[in-house]
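Structure, as structure tokens:
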Amino acid sequence: MLRDRTVAFICLFLTALVWSTPITLFNTEFEGVDNDRMEWSCPRPILSPSPDVVDLDALRVELLDTAQGTVKSEHPQCRLLNPTQLVLGLLSLAGAIWKGRIWWLSTADARAEKKFARLHAKTSGKAKGMLD
């Protein structure tokens with residue numbers, strides 16, 4: 001069984017990972033586009049939540065103009081994938097906040113006892129000040 005703080009940190013890690021890692025592996029076929037000559041990419045979801053639409057006709061013309069080599073372009077599906085990644089990151093962040101709050105509330109008594117012990121550890125039991 002995982003502790004609440006462990007689950008909260010895992011959720012925070014997943015949020016950072018989902019929001020900062022762009023998808024780079026695509027296996028979709030488009031008519032007139034040779035995937036062997038294409039280098040598909042997507043922008044980071046947190047920096048570009050709604051990327052521009054990719055014009056496949058302009059991409060086909062660019063492939064015809066460059067006889068050799070690869071052509072770099074954003075993938076047409078990035079427009080749908082980036083908002084999906086943002087929503088997944090928000091769900092993971094909500095889970096981290098929820099589990100972190102549960103952990104914080106469950107350890108409140110222990111923190112209060114430590115604070116009380118720390119405040120009263122150095123007293124001698126004798127009255128000080130005007131009560132002497």
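Which longest run of the chain has no exposed loop site in it, a site being trypsin sites (Lys or Arg not before Pro) in a DSSP loop with at most 13 other beta carbons within 10 Å, and the site itself not part of the run?
Excluding the exposed sites themselves, the longest stretch runs over 4-121.
More than 24 angstrom separation, counting every C-alpha pair in the chain; what % is that?
Result: 57 percent of Cα pairs exceed 24 Å.
Full-extension gain between Ala94 and Val61, please, as 0.36 nm times their residue separation minus the C-alpha to C-alpha distance.
Gain on stretching Ala94 to Val61: 7.4 nm.
Tell me, what is the per residue accessible area of the chain in Å², probe radius 1.4 Å?
On a per-residue basis, the chain sits at 76 Å².
Could you run the Karplus curve 6.51 cos²θ - 1.76 cosθ + 1.60 with θ = phi - 60° over the range 38-43 and give me ³J(HN,Hα) per residue in whole Hz, x for Gly and Pro?
9, 10, 7, 8, 9, x
Given springs between every Cα pair under 10 Å in a Gaussian network model of the chain, which of Asn35, Asn27, Asn82 has the largest fluctuation?
It is Asn27.
Could you check which residue among Leu14, Leu90, Leu64 shows the biggest mean-square fluctuation in a GNM of the chain with a 10 Å Cα cutoff?
Of Leu14, Leu90, Leu64, the most mobile in the Gaussian network model is Leu64.
Between exposed GluC sites (Glu not before Pro) in the chain, where DSSP calls loop and at most 10 other Cβ atoms lie within 10 Å, what's the longest gap?
Formally, the longest exposed-site-free interval is 32-132.
For the chain, how many pairs of lysine residues have a Cα-Cα distance under 24 Å, where the two are 8 or more positions apart or belong to different chains?
Within the chain, the lysine pair count is 7.
Within the chain, which cysteines find no other Cys whose Cβ is under 4.7 angstrom from their own?
Cys11
The values are calculated or read from the model by the stated rules, or taken from the named source; none is laboratory data. Everything quoted here is computed from the prediction, not taken from an experiment. Methodologically, a virtual Cβ is constructed for each residue, glycine included, from the backbone with ideal geometry; neighbour enumeration extends over all protein chains shown. SASA here: full protein model, heavy atoms, side chains in, ligands and nucleic acids out. Shrake-Rupley method; radii C 1.70, N 1.55, O 1.52, S 1.80 Å.
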